[in-house]
Amino acid sequence: MSRPPSFVPPACARGALLDTTRGSFAVLDARPEGEQTRGTALLLPGYTGSKEDFMALLEPATEAGYRCIAVDGRGQYETPGPDDPAAYAQQELARDVLAQAEAVGGPVHLLGHSLGGQIARAAVLLDARPFRSLTLMSSGPARISPSQRSRVDLLSGALQTMSMREVWDAIQALEKPPLDETDTDHDTPDLQARWLRNSPAQLIATGAQLAGEPDRVDDLARVPLPKHVLSGERDETWPVPLIDEMAVRLRAHRTVIAGAEHSPNTDRPGTTAAALVEFWDGVERTG
């Protein structure tokens, strides 16, 4: 489970609803000061995550001139979703992303973390025109590793028989305790509140996608869009050598964030933001 450093937006960002042709989505909209904007980025969170996972990236990105819009997808945290698992089919989620990009206006730099990366890939494969570039952050070429598939299967089974609160309590019982009394990043009220507002149907449906996603790298490689593959130096969800190989197949710009694992955006946000800005700047320069 991702652990953002805070659920309080920085001064550059505000919580809002993004109205689209496919409904309204809760977002954090972070804008540069003044009227000069170098570009706009649309940020998609991962499995069990939310827009707050990008919180620490927003200030450095806006200082560099980029408007950043972090989104709760349907059924994630502050964006409600139906109880029907069919509503969370990958193609439906991809069409949501296309509608979000249209509502923002103009081609956007698309970034997806983990599950969000595979949804972003699906959106680009449907229609690449709304996008200036694609960044896959800690998101691999196909299904997740065997150990992670086991965890997702266990969670999905629990969600079918237990309440969200009961599942939360079970997760906390299984996780490691804090290292010491100063470690307050364990079982915070904000994390619990976020978990309880996720749709169980969404978690079950997207968990199945992660466990069964086919390799679509060759299809994506044929799309003439600047691509960036970014990860930490360690990752249990997709082994880093597999992510390296994907970047080669995509002919993508590659960034490895030292000291980070599956969530560079929360592990090393300053370094991650600098890498994103460097990539986006290059895309903007080349037109």
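The values are calculated or read from the model by the stated rules, or taken from the named source; none is laboratory data. Being a predicted model, the structure only gives us computed values, none of them experimental. Here the Cβ is made from the backbone with ideal geometry for all residues, glycine too, and neighbour counts use every protein chain on show. Protein only, heavy atoms only, side chains kept; ligands, DNA and RNA dropped before computing areas. Shrake-Rupley method; radii C 1.70, N 1.55, O 1.52, S 1.80 Å.
Quick notes on this one:
- Pairs meeting the criteria (first residue in segment 209-228 and free of Cβ contacts under 8 Å to residues at least 40 places away in the same chain, second residue open to solvent by 20 Å² or more (accessible area, probe 1.4 Å), beta carbons under 8 Å, at least 6 apart or on different chains) are ASP218/ARG249; ALA221/ARG249; ALA221/ARG251.
- Strands (runs of 3 or more DSSP E) enclosed by segment 1-62 - at least 3 residues per element that are closer than 23 Å to ASP190 by Cα and at pLDDT 95 or above: 13-20, 23-30
- Counting the residues of segment 70-105 that are among the small types (Gly, Ala, Ser) and open to solvent by less than 10 Å² (accessible area, probe 1.4 Å) gives 5.
Conditions (1) closer than 19 Å to LEU17 by Cα; (2) of a type in the set (Gly, Ala, Ser), marked per residue:
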{"position": "GLY46", "(1), (2)": "no, yes"}
{"position": "ARG74", "(1), (2)": "yes, no"}
{"position": "TYR77", "(1), (2)": "yes, no"}
{"position": "ARG95", "(1), (2)": "yes, no"}
{"position": "PRO107", "(1), (2)": "no, no"}
{"position": "GLN118", "(1), (2)": "no, no"}
{"position": "ALA122", "(1), (2)": "no, yes"}
{"position": "ARG129", "(1), (2)": "no, no"}
{"position": "PRO141", "(1), (2)": "no, no"}
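- Restricting segment 78-103 to residues that are assigned to a helix (DSSP H, G or I) and in contact with a strand residue (DSSP E or B) (Cβ under 6 Å, 6 or more places away or on another chain), the residue that is nearest to ALA221 (Cα to Cα): ALA101
- Hits in segment 259-285 (condition: of a type in the set (D, E, K, R) and in contact with a helix residue (DSSP H, G or I) (Cβ under 9 Å, 6 or more places away or on another chain)): GLU261
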